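A quick write-up on the structure given underneath.
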Amino acid sequence: MSPIDRSRLLVPALGSLYGPLSSLSLVLMRVCAGLILAVHGWPKIQAPMKAAGMVESLGFFPGSLWSPLLAVTEFVGGLMLAAGLFTRFVAAGATVVLLVTVYFHWVVQGQGLAGAEKSILWAMITLVFVANGGGPFSIDRLLKREL
């Protein structure tokens with residue numbers, strides 16, 4: 001994160017708070033997003049073929065391939081995102097899944113923005129990590145390598 005220019009702040013005394021909060025907020029967002037994604041994927045990983053019909057109804061054939069991939073992306077990818085392991089890669093996969101859910105809610109179910117807004121927000125959260133990686137408190141940083 002870039003340093004805070006205190007001269008531009010309405011309350012300059014808060015400048016010393018913003019730097020640490022900036023890094024901490026990204027870590028918390030990555031960990032929370034990853035864990036929530038994993039919790040959402042937990043039922044799918046327990047029955048990886050259960051969503052085969054649903055993914056085929058969206059045009060992803062064969063469902064026997066895409067359903068387990070969806071389960072792994074959500075559950076395993078969520079855990080990896082939380083840990084900051086191969087962050088850009090797993091966040092990109094999650095973003096694709098979330099954009100498909102935007103299409104599903106907006107177009108297939110005809111719910112428009114009202115039905116898709118949560119998926120849009122989630123897609124933007126994961127896109128932040130595609131762009132920025134895992135950050136300073138991630139396994140990626142410990143490995144000194146990122147995708």
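Figure legend. Inter-residue proximity from region 92-111: first residues aromatic (Phe, Trp, Tyr), second residues surrounded by fewer than 18 Cβ atoms within 10 Å (Cβ to Cβ) and not in a helix (DSSP H, G or I), beta-carbon distance below 8 Å, spacing 6+ or different chains. Indicated pairs: 103/58; 104/58.
Checked against (1) within 9 Å of the chain's Cα centre (by Cα); (2) part of a loop (DSSP other than H, G, I, E, B), residue 146 meets all criteria but (1).
Of 135, 115, which residue is assigned to a loop (DSSP other than H, G, I, E, B) and under 23 Å from residue 40 (Cβ atoms)? Don't jump to the end; show me each part of the working.
Working: 115 fails: assigned to a loop (DSSP other than H, G, I, E, B).
Matching residue, one of 135, 115: 135.
One residue stands out among those in region 45-54 that are outside any loop (DSSP other than H, G, I, E, B) and among the aliphatic types (A, V, I, L, M): the one that is nearest to the chain's Cα centre (by Cα), which is 45.
Would you tally the residues in region 55-80 being part of a helix (DSSP H, G or I) and touching a residue at least 12 places away in the same chain (Cβ under 8 Å)? Qualifying residue count for the region: 18. Could you tell me whether any residue of region 11-27 is touching a residue at least 60 places away in the same chain (Cβ under 8 Å), out of contact with any helix residue (DSSP H, G or I) (no Cβ under 7 Å at 6 or more places or on another chain) and either loosely packed, with under 14 Cβ neighbours inside 10 Å or not aliphatic (A, V, I, L, M) (or both)? Within region 11-27, one or more residues are touching a residue at least 60 places away in the same chain (Cβ under 8 Å), out of contact with any helix residue (DSSP H, G or I) (no Cβ under 7 Å at 6 or more places or on another chain) and either loosely packed, with under 14 Cβ neighbours inside 10 Å or not aliphatic (A, V, I, L, M) (or both).
Each value in this text was obtained by applying a stated rule to the coordinates, not by laboratory testing. This is a predicted model, so every value here is computed, not measured. Don't worry about glycine lacking a Cβ; one is built from the backbone with ideal geometry, like all the others, and counts go over all protein chains shown.
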